[in-house]
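Quick note: the coordinates plus some simple rules give every number you see, no bench work behind them. Everything quoted here is computed from the prediction, not taken from an experiment. All Cβ positions, glycine included, derive from the backbone under ideal geometry; neighbour counts span all protein chains shown.
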Amino acid sequence: MPDNAPFRLGTRRSPLAMAQAHEARARLCAAHGWDEARVELVPVIASGDKIQDRPLADIGGKALWTRELDIWLAEGRIDAAVHSMKDVETIRPDAIAIAAILPREDKADVLLGATSLEAIPQGAKVGTSAPRRAAQLLHARPDLEVVGIRGNVATRMAKLQAGEADATFLAAAGLARLGEKGVGVRLDPEDWLPAPAQAAIGIECRASDEEAQAILAAIDHAPSREEVLAERALLEGLGGTCHSPIAALTRREGDALRMTAAIYSPDGAIRIARDAIFAPGDLDAPRQLAADLLAEAPAHVAAHFGSFA
């Protein structure tokens, strides 16, 4: 990359994706002493943003968030791509490297439309297209009705206002990054487990681009990277897809990581949860945790796992 050429950072066009790209640019400029113009944001329309009327799992899964950016990376039209790590497929192409994970935000979910899960009226409609949220909700409140609801933060809030659902969920991290920190009621992640890699921004580049990897290494946050890679190893071990209800929370205990992971039947009737404590960087431990969860699961629950997302 010539000295005067901007570092091209690809991103989806949604407001949250753009906010995350702006954070990545600010961190790069601070780390390298660059002027803001040294990092060019390159917005790309992702397939997942074009199709809003169907659940993600029904139209191609997580690849809908990464496909266009992967192509632009491969073609050399961008130098790196910014992603929400919870939306990135577990198995990535060998030609792409996760070069940086930014400091993780609040991992919790936020409930909109009620003051608590218990306060949601009997038989109410709760909007979500996430299998984890749906199964976790029905496990706690089997009387509620889950209705599909997709779209960016503003769209989902508008659908709630329009009465398409009585309550819904959003990620606390996304709200914070959009400057909406006071919205909704935060659900304690110890009780309401988040999605694997929730609240983490990742930046990928070509595995062969040593210069880009060196540039991005300056903003890699090691503790967040250790948590995210552990949770992605859990997903790998489970063979989860976009249809698989999987929840996980990783926190630090001294020099170790403690992971609580749960898998569910889609209707929430069955919940299997286990804990594991392991050293950062030990990816075999979360894979073993996944194996233990699947070994405990009835056949009809295990059937929802086993092929990579």
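Here are the numbers for this structure:
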read-out: Cα point-scatterer Debye curve for the chain, base-10 log of I(q)/I(0) at q = 0.11, 0.12 Å⁻¹; value: -0.67, -0.80
read-out: The chain: angle of helix 15-32 to the longest principal axis, Cα-based, in degrees nearest 10; value: 40
read-out: The chain - charge dipole about Cα centre, Lys and Arg +1 at Cβ, Asp and Glu -1, debye rounded to 20; value: 660
read-out: Centre separation in Å (Cα based) which lies between the stretch 206-266 and the stretch 275-309; value: 14
read-out: Long-range amide H partners of ALA171 with built H, under 5 Å; value: VAL110
read-out: Kirkwood Rh and Cα Rg combined as Rg over Rh, evaluated for the stretch 109-186; value: 0.93
read-out: For PHE7, residues with placed amide H under 5 Å, excluding near neighbours; value: VAL39, GLU40
read-out: Karplus 3J(HN,Hα) series, Hz, for the stretch 88-102 with 6.51 cos²θ - 1.76 cosθ + 1.60 (x for Gly, Pro); value: 9, 3, 5, 9, 9, x, 4, 6, 10, 10, 7, 8, 7, 10, 7
read-out: In sequence order, calculated HN-Hα J values of the stretch 107-123 (Karplus, 6.51, -1.76, 1.60; Hz; x Gly/Pro); value: 7, 6, 8, 10, 9, 10, x, 7, 7, 6, 4, 5, 7, 5, x, 3, x
read-out: Antiparallel %, DSSP beta bridges [both residues in the chain], to 5; value: 70
read-out: Residues whose placed amide H lies under 5 Å from that of VAL146, excluding near-sequence neighbours; value: VAL126
read-out: Vicinal HN-Hα couplings computed from phi for the stretch 226-231 (Karplus, 6.51 cos²θ - 1.76 cosθ + 1.60; Hz; Gly/Pro x); value: 4, 5, 5, 5, 5, 5
read-out: Ellipticity estimate at 222 nm from DSSP helix runs (n ≥ 4, -39,500 (n - 2.57)) divided over the chain, nearest 500; value: -9500 deg cm²/dmol
read-out: Lysine pairs with alpha-carbon atoms under 22 Å apart, the chain, spacing 8 or more or separate chains; value: 10
read-out: Inter-label distance for GLU75 and HIS32, nm, one decimal - labels placed 7 Å from Cα along Cα-to-Cβ; value: 2.3
read-out: Under 15 Å, Cβ to Cβ, from CYS29 - net charge with Lys/Arg +1 and Asp/Glu -1; value: -1
read-out: Of ALA17, ALA299, ALA97, the one that fluctuates the most in a GNM where the chain has Cα springs shorter than 10 Å; value: ALA299
